[in-house]
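To start, the structure itself, in structure tokens.
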Amino acid sequence: MASLPFSTFASNSQLSSRPILIGKPPHISTASPRLKVSCNVENGSQGGKVDRRNLLLGMGGLYGATNLVKPPALAAPISAPDLAKCSGGTNLNTQQPLDVNCCPPFSEKIIDYKLPPVTKLRLRPAAHLVTKEYIAKYEKATELMKALPDDDPRSFMQQANVHCAYCNLTYDQTGDPDQKLQIHNCWHFYPWHRWYLYFYERILGKLIDDPTFALPFWNWDHPDGMVMPAMFAKENSSLNDAKRNQTHLPPAPTDLLYSSKSSTDPSIIVPTNLTEMYGEMVRNVSNIEDFYGAKYVVGTAPDPGPGTVERGSHIALHIWVGDPRSPAGEDMGNFYSTARDPIFFCHHANVDRLWSVWRDLRGPKPKDFNEPEWLNADFVFYDENAQLVRVKVKDTLEDVKMGFTYQKVELPWLNKRPKARVRKSKIATTAKAIKSSAFPVKLDKVVKVLVDRPKTKRSKKEKEKEEELLVIEGIEVDTAKFVRFEVFVNDEDDEAGDIIDKAEYAGGYSQVPHKNSTKVKSKIRLGLTELLEDLDVEDDDKILVSLVPRAGGEDITIGGVKIIYV
């Protein structure tokens, strides 16, 4: 099937009001984290010299018309980056360039995207339940995408580079060049990835002339779907990828708390997965920030804090699929290469589905942030017609309004509230616990700390008004490393072993490695209200918190542990 013409553009009436002039793409250098940009254009490209303030617009953002448009103020919504400063990335510790370039092709025009009218919903099916006919259609669409020219923004590699560019610290924030743009580990994780899947899905549908085509979701939160979907492990299929962990191909069950120390026993993995999902979707998300992630606006340093699913099952599957034989865990196991594996999109379809499930579970409680800094944040993508479009967070909140929905499946984790191993009204003061004043500490071994509870004996009404949260702050890690640690409350086991319906398990933190290396500081918040009820220690004025390293503990520093009420 012939590809669509690259220069398929909207009419002038559809163009964004942001002023731009068109010119030849500036030279992109990876020799320095601060890009040198030529302001001259060769004759014949679009009319001679172009002033730097009017440089062209590319996938990912506007070349700032600095004298014509007032730059965003600090604390403004995140907006699409200035691709004049797109680079292959830099090791920010050594200031050396990286050997990867995920800068996108350029377009002459941009339009503000309007969701088309929905005439028929695209139904995203569970991957383990699809038919042979569906698989054949999906394989064909992916094959056609891989056959597109390399400079076509809809080609498979260019689509993979979208994730690399937005997620590997290759752009400065528009409005604050001292900060890098990162849509992970913050409140933009869900909406950005929803738009990413949306256009990827529409491109596949366009290539096979089927507007009803919908991506499958890897139903790894259900025991029947915890094995890698067979269609992705089929030899000579466009859905296969050689760079995967060969010990994790079917019938190995996926591990949602995966690390090198994980059990390989399915009788342990499956129930532990369900306990993890209960924590991510129910126990630890009374406050919406704890599901979405921390606020991230212009001027905020990257990685302010991930939400529960992002730092948990989402990360685990990336690392679980990635190939340990590859230098940096490619493909799925590293941010720059992860979307080069077709299973990435099936994996993230389930992450996106869980967003919809969580919103449904909220009932009358708030489901979204109402801050304009979140709702008005914008990004840009190429659509199925190779047209560059600008999109906003506020248009992602209802999947059906975007024209798709998910096949209904059971939620077995919903009734998997874990049980306490030992119920006790008091936790013994242990000589192994350090004092809060001892922080920061390196997590190269299990760290235990007694933490004061400012409020005890809280009534039901008080609990409904304020969630009690355990905050692990100042989590300093190197972005190039895979790290994972878990948090337990009043668990006096030295190693805090396999979880399996263990109420003492409060949650964890993990990170997919980046191609670039830089130190970042983050935090996580873990819900305590239900956990303390289960342990029967609501009246205690202290709790024993155990921080248990599972991977890369020597590369993790913890700044402090405290309890707050929100």
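The values are calculated or read from the model by the stated rules, or taken from the named source; none is laboratory data. A quick note: this is a predicted structure, and the numbers were derived from the prediction, not measured. Counting neighbours? That spans all protein chains shown, and the Cβs are built from the backbone with ideal geometry, glycine included. To get the accessible areas, we keep the full protein, side chains included, count just its heavy atoms, and leave off ligands, DNA and RNA. Shrake-Rupley method; radii C 1.70, N 1.55, O 1.52, S 1.80 Å.
Based on this model, can you work out whether residue 297 counts as hydrophobic (A, V, I, L, M, F, W, C), in contact with a Phe, Trp or Tyr (Cβ under 8 Å, 6 or more places away or on another chain) and at negative phi? Walk me through it before giving the result.
Values: hydrophobic (A, V, I, L, M, F, W, C): yes; in contact with a Phe, Trp or Tyr (Cβ under 8 Å, 6 or more places away or on another chain): no; at negative phi: yes.
Here the answer is no, as residue 297 does not meet what is asked.
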(message) Looking only at residues that are open to solvent by 20 Å² or more (accessible area, probe 1.4 Å) and touching a residue at least 40 places away in the same chain (Cβ under 8 Å) in the stretch 249-260, which one is nearest to the chain's Cα centre (by Cα)?
(response) 258
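Having 2 or more residues that are at negative phi and open to solvent by less than 10 Å² (accessible area, probe 1.4 Å) is the bar; report the strands (runs of 3 or more DSSP E) wholly within the stretch 317-421 that clear it. Steps first, please.
Details: elements: 378-382, 388-392, 404-406.
Fully inside the stretch 317-421 and qualifying: 378-382, 388-392.
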(message) Considering only the stretch 203-219, I want to know if a residue exists there that is open to solvent by 10 Å² or more (accessible area, probe 1.4 Å), assigned to a loop (DSSP other than H, G, I, E, B), touching a residue at least 60 places away in the same chain (Cβ under 8 Å) and touching a Pro at 6+ places or on another chain (Cβ under 8 Å).
(response) no
(message) Let me spell it out: the conditions are (1) touching a helix residue (DSSP H, G or I) at 6+ places or on another chain (Cβ under 7 Å); (2) open to solvent by less than 20 Å² (accessible area, probe 1.4 Å), and residue 547 meets all of them except one. Which number is the exception?
(response) (1)
(message) When the residues of the stretch 423-472 are narrowed to those that are open to solvent by 90 Å² or more (accessible area, probe 1.4 Å) and of a type in the set (S, T, N, Q), which ends up modelled with the lowest pLDDT?
(response) 429
(message) So, in the stretch 500-518, how many residues would count as being modelled with pLDDT under 90 and either closer than 15 Å to residue 556 by Cβ or open to solvent by 10 Å² or more (accessible area, probe 1.4 Å) (or both)?
(response) 5
(message) Pairs needed: first member in the stretch 367-387, more than 18 Å from residue 198 (Cβ to Cβ); second member anywhere, of a type in the set (D, E, K, R) and assigned to a helix (DSSP H, G or I); C-beta distance under 7 Å; at least 6 residues apart or different chains.
(response) 367/359; 376/394
(request) List every residue pair whose Cβ atoms sit under 6 Å apart, with the two residues 6 or more apart in sequence or on different chains, where the first one lies in the stretch 397-416 and is over 19 Å from residue 211 (Cβ atoms) and among the hydrophobic types (A, V, I, L, M, F, W, C) and the second, anywhere, is open to solvent by less than 20 Å² (accessible area, probe 1.4 Å) and part of a helix (DSSP H, G or I). (result) 413/274; 413/277; 413/278
(request) Considering (1) of a type outside the set (Phe, Trp, Tyr); (2) without any contact (Cβ under 8 Å) to a residue 24 or more places away in the chain; (3) open to solvent by less than 10 Å² (accessible area, probe 1.4 Å), say which one residue 285 fails and leave the rest. (result) (2)
(request) From (1) in contact with a Leu (Cβ under 8 Å, 6 or more places away or on another chain); (2) open to solvent by 30 Å² or more (accessible area, probe 1.4 Å), pick out the condition that doesn't hold for residue 176. (result) (2)
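Can you tell me which residue among 219, 185 is touching an Asp or Glu at 6+ places or on another chain (Cβ under 7 Å), within 29 Å of residue 359 (Cα to Cα) and either at pLDDT 95 or above or charged (D, E, K, R) (or both)? Step through it out loud before you land on a result.
Numbers: 219 fails: touching an Asp or Glu at 6+ places or on another chain (Cβ under 7 Å).
Criteria check complete, one pass: 185.
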(message) Testing residue 476 on (1) modelled with pLDDT under 95; (2) surrounded by fewer than 19 Cβ atoms within 10 Å (Cβ to Cβ); (3) of a type outside the set (Val, Ile, Thr), one condition comes back false. Which one is that?
(response) (1)
(request) Please list, ordered by first then second residue, the pairs with beta carbon atoms under 6 Å, 6 or more apart or interchain, first in the stretch 522-550 and within 24 Å of residue 303 (Cβ to Cβ) and part of a strand (DSSP E or B), second among the polar types (S, T, N, Q) and open to solvent by 40 Å² or more (accessible area, probe 1.4 Å). (result) 527/286
(message) Out of everything in the stretch 261-286 that is within 24 Å of the chain's Cα centre (by Cα) and acidic (Asp, Glu), what residue ends up being farthest from residue 413 (Cα to Cα)?
(response) 280
(message) Can you confirm whether residue 263 is hydroxyl-bearing (Ser, Thr, Tyr), surrounded by fewer than 24 Cβ atoms within 10 Å (Cβ to Cβ) and in contact with a helix residue (DSSP H, G or I) (Cβ under 7 Å, 6 or more places away or on another chain)?
(response) yes
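For the stretch 222-253, what are the residues that are closer than 13 Å to residue 138 by Cβ and touching an Asp or Glu at 6+ places or on another chain (Cβ under 8 Å)?
First, pick out the residues of the stretch 222-253 that are closer than 13 Å to residue 138 by Cβ: 229-232, 234, 237-240.
Selection gives 231, 232, 237, 238, 239.
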(request) Select from the stretch 525-545 the residues that are of a type in the set (Val, Ile, Thr) and farther than 24 Å from residue 307 by Cα and list them in ascending order. (result) 537
(message) For the structure I just gave you, tell me whether residue 286 is farther than 25 Å from residue 365 by Cβ, touching an Asp or Glu at 6+ places or on another chain (Cβ under 9 Å) and among the polar types (S, T, N, Q).
(response) no
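Out of the residues in the stretch 288-316 meeting the condition of being part of a helix (DSSP H, G or I) and among the β-branched types (Val, Ile, Thr), tell me which one is surrounded by the fewest Cβ atoms within 10 Å (Cβ to Cβ).
Residues of the stretch 288-316 part of a helix (DSSP H, G or I): 288-292, 308-316.
Imposing the further condition that a residue be among the β-branched types (Val, Ile, Thr) reduces the set to 288, 308-309, 315.
Numbers: 288: 19, 308: 29, 309: 27, 315: 25.
Selected residue: 288.
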(message) Going residue by residue through the stretch 101-117, is there one that turns out to be open to solvent by 30 Å² or more (accessible area, probe 1.4 Å), closer than 27 Å to residue 341 by Cβ and among the acidic types (Asp, Glu)?
(response) no
(request) Under 6 Å between Cβ atoms, at least 6 apart or on separate chains: pull out the pairs that start in the stretch 438-467 with a residue that is at negative phi and end on any residue that is among the basic types (Lys, Arg) and part of a loop (DSSP other than H, G, I, E, B). (result) 448/432
